[in-house]
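Notes follow the structure.
No value in this document is a laboratory result; all are computed from the given coordinates. The structure displayed is predicted, hence computed values, not measured ones. Using ideal geometry, Cβ is built from the backbone for each residue, glycine included, and neighbour counts are taken over all protein chains shown.
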Amino acid sequence: MSTVIYNVIFYILAFFVVISAAVVAFSKNIVRSAFAMVVTFLGVAGLFVLLSADFIAVTQLLIYVGGILVLILFAVMLSSRVKEIKISNLSVGYFPGGIIIALLTLLLIYIGVKTPWQKLDSVRFEPSTSAIGNSLLSNYLLPFEMISVLLLVGLIGAVVIARRKEDQE
Amino acid sequence: MKAFADKLFLNIFHIQAADSPYLALWYVLMMFLVSFILLNFAALFAGIASYVERRIAARMQNRIGPNLVGPQGILQWLADGLKMFLKEDLVPQTADKFIFRLAPYFVFAGLFGAFVALPFGYGIVAADLNVGIYYILAITSLVVVGIISGGWSSNSKWALFGALRSAAQIISYEIPTGLSLMLVVMLAGSLSTQSIIESQGGWPWEWFVFHSPFTLAGFFIFFISSLAEGNRVPFDLPEAESELVSGFNTEYSGLRFLIYPMAEWANLWVVGAMVTLTYLGGWQIPGVRLETIPSSVLLFLISITIFFIKTLAVVFIVIQLRWTLPRVRVDQMTLICWTYLVPIALICLIGTMIWMLAFPWKSVFGTAIRILMSTVGGSVMIWCMLRARHNYVIDKDRFEKLKGIPAWYPPWKLP
């Protein structure tokens, strides 16, 4: 019974993720693309919950929906030409596009076949926050610090770019 | 009490074995029941809060306020809701109709999603999530998506400006909110709302707000940025009625419009409950450790009462602030956030870390500081109340001399 419910929830979420991702890619209006991305992000957060990754699910919600998506919407709304497909969806023609799609499909199939997937017998709904915290400050301390340095560089870069324009005026 | 309730439910529906095939279905059913109760609580609170806010506003502005529907006008919110329900649901012709219709759902889902992880008393929480407080912070960010989409899709200048202001404001103020919540998370060592309350105590010197000067500052930062995130005065720039008609909800009407103010009033409870559970000790009863004693119905009810009193006190302060402070300008709004709140919150974060290492919770000096701080804080509060009473007494005499009618009415005989 519980596996049935689990599967039903999984397929509902997967349906929403796939449909909204298709809208993001194919919509001719970039604001609509941005709004479809909300649904994609929410569905992915739901999939994380189903995998018992509670902390990552909430982080997905906070960073992507609350942060990145709002910034995207903020930028997109200020542009007046939201419905011009030539600006938002640049196309280089069918032939190069076809080659890229074929290569990408091959690569994805290769990865899907080659990766040793860990099959969980049953998802155990356990808190993961303290485990994440412990590994971030022990095994993965170096990558963690590297990412924080990268973010700092990004912050300083943004400030420098903003400053330069002010000086020129 | 909780164990008793669980046993009762299991007995009523003859579910004995833990791995019964119907248990999953039972959980889904209970999920719907709990969401139904929470939704109704939030809606009722929003309605009554709207009435209370209007009465307080009237009193502070020397008016009478709604007093005709029901005794003392207490049913005014029902009449307003019914009126909204009967209005036509207009969609502007040039609007992006799909997104325009969709936007209120985001606001609704974002705000009422927060109620799932909010506690109401000892053991009463719909879902004691391991990441509770982080979840509340994240799910309320859906509200801003609703506000932006509503504002953009209306195809109106007022609505678009409101949405842009709201996006800038909520994105900025999420940083001081998160940083000031970090203080509490560090002190409690947990993200779960119930564990945060359990690591505090009933007496004021066991609350996190009086832990150190840094947490006291963190409390005020959290309070201010919660107001900004909920678009409350003095941060109601997204719907500044003197500049933007009504801001992001200008073009809405009928039931779709009703969602926006309702979410704002329901947000009052979220702000109050968040402040209470993080800094003001939540449902802890002074002198009683609920975790260590066998649960009894009486203590359980006392814990709910204490939580409600603290939350409603914060709600009343927020309401009175609305009718006291003028609205800040847009540049002042960003200035307050980035040049004052964020640096102070960072200093508080580091200061609390050092304080926790230097003076642990149970050490003599730490306890002495907490008792001293709560005494000083309580004295300042009592002094403010006495000043207010003093001013009132002077004004009352003048008013009665001038008008010849009494200045004070009992609450049940308001004009």
Fill in the blank from the handout: Residue-ordered couplings for segment B:182-198, obtained by feeding phi - 60° into the Karplus form 6.51 cos²θ - 1.76 cosθ + 1.60 and rounding to whole Hz (Gly and Pro as x), are 4, 4, 5, 5, 5, 5, 7, x, 7, 9, 6, 4, 5, 5, 5, 5, 5
Practice task
Give the share of C-alpha pairs in each 10 angstrom bin for segment B:99-228, from 0 to the last occupied bin, in whole percents, shortest bins first.
Solution key: 12, 35, 31, 15, 6, 0
Exercise for the section: Taking just the C-alpha trace of segment B:42-113, give me its Rg and Dmax in Å. Expected result: 16.0, 44
Practice task
Tabulate in residue order the Karplus-calculated ³J(HN,Hα) for segment B:102-118, using 6.51 cos²θ - 1.76 cosθ + 1.60 with θ = phi - 60°, rounded to whole Hz; enter x for Gly and Pro.
Solution key: 7, 3, x, 5, 5, 4, 4, 5, x, 6, 6, x, 5, 5, 4, 9, 7
Completion exercise
Among B:227, B:372, B:33, the residue with the largest mean-square fluctuation in a Gaussian network model of chain B built from Cα contacts under 10 Å is B:33
Practice task
Hey, could you get me the Stokes-Einstein D for segment B:68-159, Kirkwood radius over alpha-carbon pairs, 37 °C and 0.692 mPa s, rounded to whole µm² s⁻¹?
Solution key: 206
Handout entry: Selected from A:146, A:15, B:233, residue furthest toward positive end of dipole (the protein assembly as shown; charges at beta carbon)
Key = B:233
Problem - Likely footprinting exposure, B:96, B:80, B:128, fewest C-beta neighbours within 10 Å first - result: B:128, B:80, B:96
Completion exercise
Across B:341, B:277, B:312, the residue with the highest GNM fluctuation in chain B (Cα network, 10 Å cutoff) is B:312
Exercise for the section: Might you report the magnitude of the Cβ-based charge dipole of segment B:236-372 about its Cα centre, with Lys and Arg at +1 and Asp and Glu at -1, to the nearest 20 debye? Expected result: 640
Completion exercise
Expressed in angstrom and ordered largest first, the alpha-carbon extents of segment B:326-415 along the principal axes are 62, 43, 24
Practice task
In whole Hz, with x marking every Gly and Pro, tabulate ³J(HN,Hα) for segment B:152-169 from phi via Karplus 6.51 cos²θ - 1.76 cosθ + 1.60, θ = phi - 60°.
Solution key: 6, 6, 5, 6, 9, 5, 4, 5, 5, 5, x, 5, 5, 4, 4, 4, 4, 5
Practice task
Kindly put A:163, B:59, B:232 in sequence by how many other C-beta atoms sit within 10 Å of each C-beta, fewest to most.
Solution key: A:163, B:59, B:232
Exercise for the section: Give the distance, in whole Å, between the Cα centre of segment A:1-37 and the Cα centre of segment B:302-329. Expected result: 40
Handout entry: Cβ-based exposure ranking for B:323, A:117, in which fewest neighbours within 10 Å come first
Key = A:117, B:323
Completion exercise
With the dipole of the protein assembly as shown defined by +1 on each Lys or Arg Cβ and -1 on each Asp or Glu Cβ, the option from B:367, B:405, B:257 whose Cα lies farthest towards the positive pole is B:405
Exercise for the section: Sort out for me the Cα centre separation of segment B:349-377 from segment B:36-79, rounded to whole Å. Expected result: 41
Exercise for the section: Determine, from the Cβ-Cβ distance of residue B:323 and residue A:132 and an R0 of 56 Å, the FRET efficiency 1/(1 + (r/R0)^6), rounded to the nearest 0.05. Expected result: 0.80
Fill in the blank from the handout: Relative to the compact-globule estimate 2.2 N^0.38 Å (N residues), the Cα gyration radius of the protein assembly as shown stands at a ratio of 1.07
Problem - Principal axes of segment B:260-415: Cα extent on each, largest first, Å - result: 62, 51, 39
Practice task
Work out the length of the dipole vector of chain B about its Cα centre, built from +1 on the beta-carbon of each Lys and Arg and -1 on the beta-carbon of each Asp and Glu, and round it to the nearest 20 debye.
Solution key: 1140
Handout entry: Tensor-based shape of segment A:1-85 (alpha-carbon gyration tensor, a/c under 1.5 rounded, otherwise prolate or oblate)
Key = oblate
Handout entry: Estimated D of chain B in µm² per second, where Rh is the Kirkwood radius over Cα pairs and Stokes-Einstein applies at 4 °C, 1.567 mPa s
Key = 55
Problem - Within the protein assembly as shown: Cβ-based charge dipole about Cα centre, in debye rounded to nearest 20 (Lys, Arg +1; Asp, Glu -1) - result: 1020
